[in-house]
Amino acid sequence: MGYTVQDIKGKILDINVIQKILPHRYPFLLVDRILEVTEKGVVSIKNVTINEQFFQGHFPGQPVMPGVLIVEAMAQTGGIAALNLKENLGKLAYFLSINKARFRKPVVPGDTLRMEVELVKVKMGVVQCRGVAKVDGEVVAEAEMMFAFVKPDAA
């Protein structure tokens, strides 16, 4: 933690920097690399492999990434954008809502999931964002998400 959007704007961020921003760890860290950071949002990727723990049961013989984890990957991408706003540095992001979630195509091992998350509204410790997940340029999922930000000791 401690990076601002100005510090990371225009840079590609590897997993080491991502782990300094997000509190998530294996097996729940679902962002592998940040491709783009602007004041309006973040673009990230998740390389989906057969080694993912969730493929053991979803589904044997026909592995498909669970939709809720695609939304979580978008949320983590949005969290990177929002946690780097000056007012949210050092805080934790708690999910408040998921709206208009749509799943268009299955995500399978070998896919590279590209999450494009735009900050829509920032007000009084609450951030609203919109995310789109793509594989090979095709939309596979989308959702609107809202987060509240709290100090870790207040959690």
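Assess whether VAL108 counts as being β-branched (Val, Ile, Thr), surrounded by 14 or more Cβ atoms within 10 Å (Cβ to Cβ), out of contact with any Lys or Arg (no Cβ under 9 Å at 6 or more places or on another chain) and over 19 Å from ILE12 (Cα atoms). Spell out how you get there, then give the answer.
On the way: β-branched (Val, Ile, Thr): yes; surrounded by 14 or more Cβ atoms within 10 Å (Cβ to Cβ): yes; out of contact with any Lys or Arg (no Cβ under 9 Å at 6 or more places or on another chain): yes; over 19 Å from ILE12 (Cα atoms): yes.
The answer is yes for VAL108.
Select, from PHE149, PHE54, the only residue that is under 21 Å from GLN19 (Cβ atoms), buried (at least 19 other Cβ atoms within 10 Å of the Cβ) and of a type in the set (Phe, Trp, Tyr).
Result: PHE149 is the single residue among PHE149, PHE54 that is under 21 Å from GLN19 (Cβ atoms), buried (at least 19 other Cβ atoms within 10 Å of the Cβ) and of a type in the set (Phe, Trp, Tyr).
Limited to the range 28-47, what total is found for residues that are in a loop (DSSP other than H, G, I, E, B) and under 14 Å from the mean Cα position of the chain (by Cα)?
Within the range 28-47, residues that are in a loop (DSSP other than H, G, I, E, B) and under 14 Å from the mean Cα position of the chain (by Cα) number 5.
Do we find that LYS134 is of a type outside the set (Val, Ile, Thr) and either modelled with pLDDT under 95 or over 25 Å from MET65 (Cβ atoms) (or both) in this structure?
It is false that LYS134 is of a type outside the set (Val, Ile, Thr) and either modelled with pLDDT under 95 or over 25 Å from MET65 (Cβ atoms) (or both).
Given the conditions (1) touching a residue at least 24 places away in the same chain (Cβ under 8 Å); (2) assigned to a loop (DSSP other than H, G, I, E, B); (3) over 23 Å from LYS9 (Cβ atoms), which single one is not true for GLY90?
GLY90 satisfies every listed condition except (3).
Being without any contact (Cβ under 8 Å) to a residue 12 or more places away in the chain and within 14 Å of the chain's Cα centre (by Cα) is the filter here, so list the residues in the range 4-27 that pass it.
GLN19, ARG25
Scan the range 96-116 and give yes if some residue there is under 15 Å from VAL132 (Cα atoms) and part of a helix (DSSP H, G or I), otherwise no.
Taking the range 96-116 as the starting set, the residues that turn out to be under 15 Å from VAL132 (Cα atoms) are 98-107, 112-116.
Adding the requirement that they be part of a helix (DSSP H, G or I) leaves none.
Checking the range 96-116: not a single residue is under 15 Å from VAL132 (Cα atoms) and part of a helix (DSSP H, G or I).
Does LYS91 count as at positive phi and either among the β-branched types (Val, Ile, Thr) or in contact with a strand residue (DSSP E or B) (Cβ under 6 Å, 6 or more places away or on another chain) (or both)?
For LYS91, the condition - at positive phi and either among the β-branched types (Val, Ile, Thr) or in contact with a strand residue (DSSP E or B) (Cβ under 6 Å, 6 or more places away or on another chain) (or both) - is not met.
Which one of these is closer than 27 Å to ASN51 by Cβ, in a strand (DSSP E or B) and of a type outside the set (Lys, Arg): VAL120, VAL140, VAL127?
Matching residue, one of VAL120, VAL140, VAL127: VAL140.
The values are calculated or read from the model by the stated rules, or taken from the named source; none is laboratory data. Since this is a predicted model, take the numbers as computed values, not measurements. Neighbour counts run over all protein chains shown; Cβ positions are idealised from the backbone, glycine included.
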